[in-house]
Amino acid sequence: MELEVRHLRVLCTIADAGSLHRAARELGMAQPSLSTQLRRIEQLLGGRLFTRDCTGSHLTPLGHVVVSRARPLVAELSAIVTETRAAAARAAGGPRLRIGATASRALPGWLSRLRARMPAVKPTLQMDVSANALLRQVAEGGLDLAFVHEVEGSPLRVPNGLCLRVLVEREPQFVTMAAGHPAAARREVRLADLAHDRWMVDATVDGEWDGVCRVLRAEGIEPDLLHGDYLTAYFLAAVGEVVTVSQPTALPPRSDLVVRPLHGDPIGVRLLLAARTADELDTVFDELEKAYEEVARQAPAYQDWLTRGAAGRPAHTLRAVSA
């Protein structure tokens, strides 16, 4: 086995992620496979590069030396790939706009507006639950843009060289529950109203599991969480088995579900658009802002929340969502 650039990228990803579990998810690998690859790299280099404990994976002194030398090599290769792919796309028949995104109801309207304004450009969409993985793909040239959310208290790992623009500084997260839930009749739900409920959260969404645990414990509630995707969560919520976190722009997918704000807005996210240059952000940001405004107006619970709180809420919180 010889040391290759892909091995260096693996080491940098583990160092940035802070754990083999998160690094494996970002690399699209199974954790056992990543562990095996790390052991082989360490055997090749002649020493341990990471230590592991209950808090994650940490660089050893030798690991610091290797990763510090690896980063500029990985960055240079990424620049070569970016430039080559851009040239190939131009040669293949016109410009493309490769967009990555975490889930948002604003996406269809954004793509429609981009196609209407730039008919010669072919926008493509790649979805991923991991905002960190999407940001890394932008930095490496696999994507041109990424529209992502950052859970409050769990900062994203933004690669060097990316430009960011904030769409919404703090978007409150709501809760979806059965229409027959005792708290569903309230205009606004307190966490104490849900103290005996089980929450279903997608642990693969960066920061979401930790965010829900943090706010529940702050209220003196020991979290009772299930891992599952949000489609499954909606089915279970409809029969009263769980409650689940929802974006405020969400519309109940079924008549036996309701979406309600949480009192005090304990869970918040920041909505961000990332690209490699400010010019790329300028090209698409207005369409994204209009698309978000549209879905915000269509969500009754969100509009009610905005109307009730606009007078006392900081202006940056309302950016792009006021009616």
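The values are calculated or read from the model by the stated rules, or taken from the named source; none is laboratory data. Everything numeric here is computed off the predicted structure, so don't read it as measured data. We place every Cβ from the backbone using ideal geometry, glycine too, and count neighbours over all the protein chains shown. Protein only, heavy atoms only, side chains kept; ligands, DNA and RNA dropped before computing areas. Shrake-Rupley method; radii C 1.70, N 1.55, O 1.52, S 1.80 Å.
Quick rundown of the values:
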| read-out | value |
| --- | --- |
| Ordering of 201-211, 143-153, 113-123 by packing [mean C-beta count within 10 Å, highest first] | 143-153, 201-211, 113-123 |
| For the range 162-218, accessible area per residue (1.4 Å probe, heavy atoms of protein chains only), Å² | 42 |
| Share of carbon and sulfur in the accessible heavy-atom surface of the chain [1.4 Å probe, %] | 54 |
| The range 91-232: relative contact order in percent, alpha carbon pairs under 8 Å with at least 6 residues between | 21 |
| Segment Arg69-Leu251, length gained on full extension (0.36 nm per residue, minus Cα span) | 60.7 nm |
| Over the chain, equivalent-ellipsoid semi-axes from the Cα gyration tensor in Å | 36, 27, 16 |
| Compactness of the range 49-181 - radius of gyration and Dmax, Cα, Å | 19.0, 58 |
| Charged-residue dipole, Cβ positions (Lys, Arg, Asp, Glu), the chain about Cα centre, Debye nearest 20 | 540 |
| Helix 107-117 vs. the chain, principal-axis angle (Cα, 0 to 90°, nearest 10) | 70 |
| Two-decimal ratio, the range 165-257, of alpha-carbon radius of gyration to 2.2 N^0.38 Å | 1.05 |
| Residue of Pro266, Pro182, Pro248 that the Gaussian network model of the chain assigns the largest fluctuation, springs spanning Cα pairs under 10 Å | Pro182 |
| Whole-Hz ³J(HN,Hα) from phi, Karplus 6.51 cos²θ - 1.76 cosθ + 1.60, for the range 50-55, glycine and proline x | 9, 10, 10, 9, 5, 8 |
| DSSP bridge orientation in the chain - percent antiparallel, rounded to nearest 5 | 60 |
| Length-normalised contact order of the chain in % [C-alpha pairs under 8 Å, at least 6 apart] | 19 |
